[in-house]
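Quick note: the coordinates plus some simple rules give every number you see, no bench work behind them. No experiment lies behind these values; they were computed from the predicted model shown. Heads up, the Cβs are rebuilt from the backbone with ideal geometry, glycines too, and the neighbour counts pull from every protein chain shown.
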Amino acid sequence: MQVRGAPLIGAAAAYGVALAVQHDPSDTGLAAACATLGATRPTAVNLHWALQRMREALAPLPPADRADAAWTAAEAIADADVACNASIGQHGLALLRRLPPRGSRLNLLTHCNAGWLATVDGGTALAPIYAAHDAGIDLHVWVDETRPRNQGAALTAWELGQHGVPHTIIADNAGGHLMQRGEVDAVIVGADRITAHGDVANKIGTYLKALAAHDNGVPMWVAAPRSTIDCGLAESSGIPIEARDPDELHWIDGVDAQGTPCRARLTPAGSAGHNPAFDVTPARLISALITEVGVAEASRAGIAGLFASDHLHPTPTSTAP
């Protein structure tokens with residue numbers, strides 16, 4: 001978790017390969033670097049997408065030429081992420097412009113952190129929010145705390161504050177209540193993996209938000225680059241769900257009244273903990289996918305259309321460990 005956020009994990013892995021081939025540019029060295037990095041985070045498909053791009057760029061070259069080429073390829077992946085996120089922001093902004101607020105201003109709800117701390121820059125789910133705020137749209141963001149690691153309360157809230165976006169932190173279980181009261185105009189989240197049929201794996205708790213949104217007629221949008229789409233995977237049951245340390249449930253990090261960092265236990269000693277890091281939201285609950293090339297339906301046909309207009313072919317990447 002030193003690096004988190006699907007797009008950033010992919011870019012960091014690309015630079016990891018570049019570092020590795022400085023020491024061993026052989027075929028064996030390249031394969032070992034990709035295998036080691038590929039085993040680190042099983043759910044976020046951007047990791048495997050970036051490693052595949054690095055293999056495609058480096059494997060045909062003589063080992064002596066790989067070191068410099070690796071830096072160039074990694075930089076291209078990082079730069080592409082920045083451009084993708086800026087485009088996601090503009091396509092999401094177009095949706096927000098057409099969304100009539102239920103109250104005096106637009107109220108959005110987001111889950112986890114999908115801003116510039118989770119990408120190379122710009123963010124995915126937060127990119128449309130930043131774009132709308134910068135365009136002068138009067139909006140407010142409900143920020144899920146996102147237990148157990150509190151990425152919403154700690155990271156998304158900090159990001160929005162730095163950008164000057166009005167926001168309020170809520171408990172994870174408050175989202176459905178706010179939707180029932182007409183206080184949420186749309187839910188917008190990121191993704192760690194999207195199947196060929198449009199099912200979305202994202203931070204644990206996303207599925208519950210989607211169910212509440214569907215029940216209350218609230219749009220549920222997923223913002224992600226096409227590198228998050230695993231076109232080689234049709235069934236969501238094939239998505240590996242990372243199980244994280246139960247101590248993330250048992251303990252919480254924060255600061256005390258004096259501002260000193262501290263750690264406190266929340267649960268009784270001896271209680272077991274189960275900590276899946278992601279869940280899967282079925283495509284039927286998703287109103288739209290927002291990508292760098294436009295907005296699409298969460299379906300096989302909608303996803304196929306995202307790859308139909310240019311040279312970027314969908315790469316089957318469902319070979320996660």
Open item on the list: Please compute the volume of the convex hull spanned by the alpha-carbon atoms of segment 78-118 and report it per residue in Å³.
Closed with: 76 Å³
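Over every pair of different alpha-carbon atoms in segment 1-49, take the mean of 1/r and invert it; report that Kirkwood radius in Å. Numbers along the way, then the final one.
On the way: mean 1/r = 0.0921 Å⁻¹.
Roughly 10.9 Å, rounded to one decimal.
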Task: Asp79-Ala171 pseudo-label distance in nm [points 7 Å out on the Cα-to-Cβ vector] - done: 4.9 nm
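Using 0.36 nm times the number of residues separating Ala243 and Val255, minus their current alpha carbon distance, what extension gain do you get?
On the way: separation 12, 0.36 × 12 = 4.32 nm, distance 2.68 nm.
Roughly 1.6 nm would be gained on extension.
Of all DSSP beta bridges located in the chain, what percent are antiparallel, nearest 5? Could you put the intermediate results ahead of the total?
Details: 15 of 34 bridges.
If I count the DSSP bridges inside the chain, around 45 percent turn out antiparallel.
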Task: Taking Thr43, Thr28, Thr110, Thr267 and counting other C-beta atoms within 10 Å, the order from fewest to most - done: Thr28, Thr267, Thr43, Thr110
TODO: Provide, in order from the shortest bin, the percent of all Cα-Cα pairs of segment 265-305 in each 10 Å bin, continuing until the bin that contains the maximum pair distance.
DONE: 22, 30, 17, 15, 15, 1
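If I take all pairs of Cα atoms in segment 6-79, what percentage of them are more than 18 Å from each other?
On the way: 702 of 2701 pairs.
Looking at segment 6-79, the distances longer than 18 Å represent 26 percent of pairs.
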- [ ] Wrap a convex hull around the Cα atoms of segment 46-203, take a quarter of its surface area, and give that in square nanometres.
- [x] 11.0 nm²
Task: With 5 Å bins from 0: P(r) over segment 13-135, alpha-carbon pairs, percent - done: 2, 11, 17, 17, 13, 11, 9, 7, 6, 4, 2, 1, 0
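Please work out the ratio of the alpha-carbon Rg of the chain to 2.2 N^0.38 Å and round it to two decimals. Walk me through the intermediate numbers first.
Details: Rg = 19.8 Å, N = 321, 2.2 N^0.38 = 19.7 Å.
Compared with the compact-globule rule of thumb, the chain sits at 1.01.
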Open item on the list: Please state the shape class of segment 115-212: rounded when a/c is under 1.5, otherwise prolate if a/b exceeds b/c and oblate if not, all from the C-alpha gyration tensor.
Closed with: rounded
